[in-house]
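Q: Take this structure, written in structure tokens, and hold onto it; I'll ask about it next.
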């Protein structure tokens, strides 16, 4: 770059500011000087700068939205139909899992990403844990077949009750559990004492007293 020339590019938004041809011109200097992008107008005994604003083409923000569909899905375990909003990918995953119930039970929370889906999972797990006889009460064979079909997902009821709860729901559930009438401590201590005495009696050797025989 020639002496006296200065170029600076400032990129911001949709504008490009280009500062060109900062030239120290003398009184007898030329009428104009050709800069990199064309003529630069001089000024006598002053530092002259030429600003050229280039308007760049505006970028259009593009947003891709999934195609949402309403479908009626049936749960064998709950024996209910649900009208839900799904994407084509969700339908593909349900088919890949071989059914709605399998999809809900197999999919982890972070992938399911749905409060409604986690509530369904909790309901399914509770019914499996309880072996609820209200499922097809008039058809025990069908009920047994359904419970057998999903037996690999069965967990204890006490654990299933907490599946899918939000932090607020879990705190409230714990509060209600703690508010239940506790067993009096004296009753606990009495039962422990009785058990200790029983174990002590069983561990001691039997003492046989010899009775005096008559002469």
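Quick note: the coordinates plus some simple rules give every number you see, no bench work behind them. Everything numeric here is computed off the predicted structure, so don't read it as measured data. Backbone-built Cβ (ideal geometry, glycine too); neighbour counts: all protein chains shown.
Q: Provide Rg over Rh for the range 68-168; use the alpha carbon set for both Rg and the Kirkwood Rh (inverse mean inverse pair distance). Numbers along the way, then the final one.
A: On the way: Rg = 13.7 Å, Rh = 14.2 Å.
A ratio of 0.96.
Q: Continuing with this model, one more query. Quote to one decimal, in nm, the extra length available between residue 64 and residue 147 on full extension: 0.36 nm per residue of separation minus the C-alpha distance between them.
A: Numbers: separation 83, 0.36 × 83 = 29.88 nm, distance 4.14 nm.
Taking 0.36 nm per residue and subtracting the Cα distance, the gain is 25.7 nm.
Q: When the chain is fully extended, how far beyond the present Cα-Cα distance does residue 113 get from residue 155, taking 0.36 nm per residue of separation? List each step's numbers first, then the result.
A: Details: separation 42, 0.36 × 42 = 15.12 nm, distance 2.14 nm.
Gain in length upon complete extension: 13.0 nm.
Q: What distance in nm lies between label points placed 7 Å from Cα along the C-beta direction at residue 82 and residue 174?
A: 2.7 nm
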